[in-house]
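Engineer: Okay, here's the structure, questions in a sec.
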Amino acid sequence: MFDPKRPYNDLPPLPPQTSVQTPAILNKCISASRALAGLRFAGQLTPDQGVLIQTIPNLEARASSAIENIVTTNDALFREQSLGASEATPETKEAARCRAALHLGVEQLKTRPLSARVAVDVCQTIKGVELDIRTTPGTTLSNSHTGEVIYTPPEGEDLLRTLLANWEQYLHESREVDPLIRMAVLHYQFEAIHPFPDGNGRTGRILNILCLIQARLLDLPTLYLSRYILGARGDYYRLLGRVTSHQEWEPWIVYMLTGIEATSLWTTEKIKAIRALMDATAAYVRAVAPKMPRDVVELIFMQPCCRIATVVEHGIAKRETASGYLKDLVAFGVLEEQKVGRDKIFLHRKYLDVLFSDDHTFTAYERRSPREAPGDMTRRGSA
């Protein structure tokens, strides 16, 4: 009998002892696969995929951190991306490290397969410290409201490494299992092993995305799965627990597949809205500021909280000219200028509103009469 107060050293190795390809699971897998393929296609149609790489992982990092009660705001996370960590709260810094860990994992997949070693590197980046597999006993998971112990993961470094080796073997050798189902199984097992002193949940959710990229079901880290989990967090933990206590795999896997489907559909609509806003912004800027370099418009989508230095660092213009470009975009209603400490930032508010909203819509730009703006003189200088 499973006892939540005792280390779960009898955690069964993979594969699961029951079928994970039941009719209910396979039916849900079909619709989830179709939705995920639509998301991948939407990403491929985006002219500059760097826009998606720079923005959607921010949303995933914030939501994944919020699942662990590390709360920041989307605005704060984008400001940190532009201004650096000096003005950020500890919570924002930790969410930013989660974003960096996701990018690190994606880069590592370009040169080596997903593995327990990649998981260690991801967790180290999330926590910002050197760490490895747990070696000391005493780790427990408790109900945040009552303090009751709900799970005690396995203990002993040798056992944890053996379980991780089995996890890795299932990852690479269970080719008869659909990749989406395999991802759900791997996520449960990783969370049950709980190999690190901290950061296991966020690491596991990054591994979900890396599994799908490695399986070539995603090209980019654009699956915003933590949004779904955050909205159904009670079910997430309850169903994880039911696999542990009763080996109830089917409800857990159906939950994860439902999340993939719902998230893929939601993110596909978000990407379509981003593309539409990019086209509308480019057309509006061409009309009101025809001398504005297209690179500036592209930059304010990759960095919706932008500084003058950001334009300079991207090699678009020297400082005086860069300042003029951004001030022109403020004058024409594309950007908002804000003072943060001793720095100025330029917010692409319409884009941020699209990113943060659930309805994937935006209002059209209101045409303003061209006028001599600070950037008009600087553009006559060198850029």
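Engineer: Can you name the residue in the range 316-339 that is closer than 24 Å to LEU277 by Cβ and in a strand (DSSP E or B) and, of all such residues, is modelled with the lowest pLDDT?
Structural biologist: Of the range 316-339, the ones closer than 24 Å to LEU277 by Cβ are 316-317, 322, 324-338.
Now restrict to residues that are in a strand (DSSP E or B): 336-338.
Numbers: GLU336: 93, GLU337: 94, GLN338: 89.
Restricting to residues being closer than 24 Å to LEU277 by Cβ and in a strand (DSSP E or B), the top hit is GLN338.
Engineer: Then there's this: Within the range 254-263, identify whether any single residue is in a helix (DSSP H, G or I), of a type in the set (A, V, I, L, M) and modelled with pLDDT under 95, and answer yes or no. Steps first, please.
Structural biologist: Looking only at the range 254-263, we keep the residues that are in a helix (DSSP H, G or I), and these are 254-263.
Pick out the ones that are also of a type in the set (A, V, I, L, M) and you get 254, 256-257, 260, 262.
Within this subset, residues satisfying the condition of being modelled with pLDDT under 95 are none.
Checked the range 254-263: no residue is in a helix (DSSP H, G or I), of a type in the set (A, V, I, L, M) and modelled with pLDDT under 95.
Engineer: Working only within the range 120-134, note down all residues that are touching a helix residue (DSSP H, G or I) at 6+ places or on another chain (Cβ under 6 Å) and part of a helix (DSSP H, G or I).
Structural biologist: Across the range 120-134, the qualifying residues are VAL122, CYS123, THR125, ILE126.
Engineer: Just give me the residues in the range 48-80 being surrounded by fewer than 21 Cβ atoms within 10 Å (Cβ to Cβ), charged (D, E, K, R) and over 15 Å from PHE301 (Cβ atoms), in sequence order.
Structural biologist: GLU68, ASP75
Engineer: In addition: From the residues in the range 81-92 that are touching a residue at least 24 places away in the same chain (Cβ under 8 Å) and under 19 Å from ILE345 (Cβ atoms), which one is surrounded by the most Cβ atoms within 10 Å (Cβ to Cβ)?
Structural biologist: GLN81
Engineer: Cβ-Cβ distance below 8 Å, separation of 6 or more or different chains: which pairs start in the range 341-359 with a residue that is assigned by TED's automatic domain parsing to the domain that holds GLY324 and end on one that is exposed (fewer than 13 other Cβ atoms within 10 Å of the Cβ) and of a type in the set (S, T, N, Q)?
Structural biologist: Matching pairs, first to second residue: LYS350/THR363; VAL354/THR361.
Engineer: From the list GLU372, GLU313, which one is loosely packed, with under 13 Cβ neighbours inside 10 Å, modelled with pLDDT under 85 and out of contact with any Gly (no Cβ under 7 Å at 6 or more places or on another chain)?
Structural biologist: After ruling out the rest, the residue left standing is GLU372.
Engineer: Pull up the range 190-239, narrow it to residues that are acidic (Asp, Glu) and part of a helix (DSSP H, G or I), then point me to the one that is farthest from ALA95 (Cα to Cα). Let's see the steps before the verdict.
Structural biologist: Of the residues in the range 190-239, the ones acidic (Asp, Glu) are 191, 198, 219, 235.
With the extra rule that they be part of a helix (DSSP H, G or I), the set shrinks to 191, 235.
Working: GLU191: 19, ASP235: 23 Å.
My answer is ASP235.
Engineer: State which residue is surrounded by the most Cβ atoms within 10 Å (Cβ to Cβ) when the search covers only the range 203-227 and only residues that are at pLDDT 95 or above and out of contact with any Leu (no Cβ under 8 Å at 6 or more places or on another chain).
Structural biologist: Only one residue fits best here, namely THR203.
Quick grid of which residues meet (1) in contact with a Ser or Thr (Cβ under 8 Å, 6 or more places away or on another chain); (2) assigned to a loop (DSSP other than H, G, I, E, B); (3) touching a residue at least 12 places away in the same chain (Cβ under 8 Å); (4) not β-branched (Val, Ile, Thr):
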{"position": "THR139", "(1), (2), (3), (4)": "yes, yes, yes, no"}
{"position": "ILE150", "(1), (2), (3), (4)": "yes, no, yes, no"}
{"position": "PRO153", "(1), (2), (3), (4)": "yes, yes, yes, yes"}
{"position": "ALA165", "(1), (2), (3), (4)": "no, no, yes, yes"}
{"position": "GLN169", "(1), (2), (3), (4)": "no, no, yes, yes"}
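The values are calculated or read from the model by the stated rules, or taken from the named source; none is laboratory data. Since we're looking at a predicted model, the values are computed, not measured. All Cβ positions, even for glycine, are placed from backbone atoms using ideal geometry, and neighbour counts span all protein chains on display.
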